[in-house]
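J.: First the structure, then my questions, so here it is.
The values are calculated or read from the model by the stated rules, or taken from the named source; none is laboratory data. Quick caveat, the model's predicted, so the values are computed rather than measured. Note: ideal-geometry Cβ built from the backbone for every residue, glycine included; neighbour counts use all protein chains shown. Just the protein is used for accessible areas: all its heavy atoms, side chains included, with ligands, DNA and RNA removed. Shrake-Rupley method; radii C 1.70, N 1.55, O 1.52, S 1.80 Å.
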Amino acid sequence: YRVDKLLFFLGHADRRIRLQSQFALVARKEDKALLAKATDTNAGLLSRLHALWGLGQLKIRDRDLLKFICQDKDAEMRAQATRWAGDLGFDPDNLVPGLLQDPSPRVQLMAGIACGKLKSKGALDPLTKLIVEANNKETVLRHAGICGLAGTATPSELKSLYRHSSRALRIAAVV
């Protein structure tokens with residue numbers, strides 16, 4: 001198939017066809033085509049997600065793409081961009097910790113996990129705020145905060161949290 005046909009198939013209703021198109025574009029190293037589709041805000045969500053995942057498979061570390069998608073109106077695109085940055089160890093502008101305060105809990109989840117993977121400097125305060133606000137009611141956010149703390153906080157920083165007024169934060173620091 002031609003590249004334009006494969007890009008069209010990224011939005012197909014059948015999951016197998018979408019994946020086959022994504023993998024075909026990756027095999028051809030069509031990073032420019034995938035980048036264009038990922039940033040096309042008029043394209044469907046599934047097309048854009050598959051394009052972003054394809055860029056992840058190619059290990060593309062594009063600073064402008066990360067900035068663009070971290071400000072996307074679609075929460076799932078922001079969540080997947082955050083995951084992409086964490087998986088590739090790529091956050092040159094320290095965007096991920098800012099997404100801990102995103103309105104979407106899914107974006108917050110991915111941002112917390114990514115902060116831990118990236119060992120994000122300056123993420124300790126936003127992570128503690130996330131854990132305190134989740135207050136053990138949102139277990140996925142607690143998990144995200146713990147993953148973030150595990151990668152970013154030093155043992156002495158974790159130890160200093162044992163007197164914090166939030167029970168949720170004390171438990172997260174121990175875990």
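J.: Could you please find all residues in the stretch 25-46 being open to solvent by less than 10 Å² (accessible area, probe 1.4 Å) and within 16 Å of residue 2 (Cβ to Cβ)?
T.: The answer is 25, 34.
J.: Within the stretch 18-39, work out how many residues are in contact with a Phe, Trp or Tyr (Cβ under 8 Å, 6 or more places away or on another chain) and more than 17 Å from residue 69 (Cβ to Cβ).
T.: 4
J.: Any residue at all in the stretch 18-33 that's in contact with a Leu (Cβ under 6 Å, 6 or more places away or on another chain), assigned to a helix (DSSP H, G or I), within 21 Å of residue 147 (Cβ to Cβ) and of a type in the set (Ser, Thr, Tyr)?
T.: Taking every residue of the stretch 18-33 in turn, none turns out to be in contact with a Leu (Cβ under 6 Å, 6 or more places away or on another chain), assigned to a helix (DSSP H, G or I), within 21 Å of residue 147 (Cβ to Cβ) and of a type in the set (Ser, Thr, Tyr).
J.: Do any residues in the stretch 65-83 that are over 10 Å from residue 96 (Cα atoms) have Cβ atoms under 9 Å from those of residues that are surrounded by fewer than 16 Cβ atoms within 10 Å (Cβ to Cβ) and hydrophobic (A, V, I, L, M, F, W, C), where the two are at least six apart or on different chains, and which pairs are they?
T.: From the stretch 65-83, the pairs are 74/45; 76/45; 77/45.
J.: Would you please list the contacts, defined by Cβ atoms under 6 Å and residues six or more apart or on different chains, that run from a residue in the stretch 136-147 that is within 16 Å of residue 99 (Cα to Cα) and open to solvent by 70 Å² or more (accessible area, probe 1.4 Å) to a residue that is part of a helix (DSSP H, G or I) and at pLDDT 95 or above?
T.: Here the result reads 140/109; 142/134, each pair linking the stretch 136-147 to a residue that is part of a helix (DSSP H, G or I) and at pLDDT 95 or above.
J.: Within the stretch 81-96, take every residue that is farther than 15 Å from residue 144 by Cα and of a type in the set (Asp, Glu) and give me the one that is least open to solvent (accessible area, probe 1.4 Å).
T.: Result: 91.
J.: Output the qualifying pairs, or none if there are none: Cβ atoms under 6 angstrom, residues six or more apart or on different chains, first residue in the stretch 98-126 and acidic (Asp, Glu), second residue part of a helix (DSSP H, G or I).
T.: Qualifying pairs under 6 Å: 102/108.
Listed here are the residues, each with its yes/no results for (1) of a type in the set (Lys, Arg); (2) not in a helix (DSSP H, G or I).
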position: 68; (1), (2): no, no
position: 76; (1), (2): no, no
position: 79; (1), (2): no, no
position: 117; (1), (2): yes, no
position: 125; (1), (2): no, no
position: 132; (1), (2): no, no
position: 148; (1), (2): no, no
position: 165; (1), (2): no, yes
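J.: Let me ask you something else. Taking the condition open to solvent by 50 Å² or more (accessible area, probe 1.4 Å) and of a type outside the set (A, V, I, L, M), does residue 78 pass?
T.: no
J.: Same structure, new question: Which members of the stretch 98-115 meet the condition of being open to solvent by 10 Å² or more (accessible area, probe 1.4 Å) and either in contact with a Lys or Arg (Cβ under 6 Å, 6 or more places away or on another chain) or in a helix (DSSP H, G or I) (or both)? Before you say what the answer is, go through the steps one by one.
T.: Taking the stretch 98-115 and keeping what is open to solvent by 10 Å² or more (accessible area, probe 1.4 Å), we get 98-99, 101-106, 108-110, 113.
Correct list: 98, 99, 101, 105, 106, 108, 109, 110, 113.
J.: Mind checking which residues of the stretch 122-135 are under 17 Å from the mean Cα position of the chain (by Cα) and surrounded by fewer than 24 Cβ atoms within 10 Å (Cβ to Cβ)?
T.: 126
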